[in-house]
Amino acid sequence: MATKPRIKYCEICKKDFSTMYRIQYEFTKKWIFACKECLLNLKKENPNYVYGGTWKK
Ligand SMILES: [Zn+2]
């Protein structure tokens, strides 16, 4: 199986994290990766928030 380096950055704070969370937070239904801290901020009183899984390196 081919493995190429997959580096994900938090879409919000643009930092590299070893554990990322796949979420939707806008009405556009676009999936993004966010770190836990940003996830918690985006989640607050957000009716568009959808959790799609955890991604680990
Ligand atoms: Zn972040």
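Here, each number is a calculation from the coordinates, and none is a lab measurement. Note that the structure is predicted; figures quoted are calculated from it, not measured. Reconstructed Cβ throughout: ideal geometry from the backbone, glycine too, with neighbour counts over all protein chains shown.
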Phi angles of the stretch 45-57, converted by Karplus (6.51 cos²θ - 1.76 cosθ + 1.60, θ = phi - 60°) into ³J(HN,Hα) in whole Hz with x for Gly and Pro, give 6, 10, x, 8, 5, 9, 9, x, x, 10, 10, 10, 5
Members of LYS14/LYS36; LYS30/LYS57; LYS8/LYS56; LYS29/LYS57 lying beyond 19 Å, as alpha-carbon distances in this model show
LYS30/LYS57; LYS29/LYS57
With an 8 Å Cα cut-off and a minimum separation of 6 or more residues, compute the relative contact order for the chain in percent.
38 percent
Within the chain, longest stretch clear of exposed chymotrypsin sites (Phe, Trp or Tyr not before Pro) (DSSP loop, no more than 14 other Cβ within 10 Å)
1-26
Largest first and in whole Å, give the semi-axes of the chain's equivalent ellipsoid, each being the square root of 5 times a Cα gyration tensor eigenvalue.
22, 12, 9
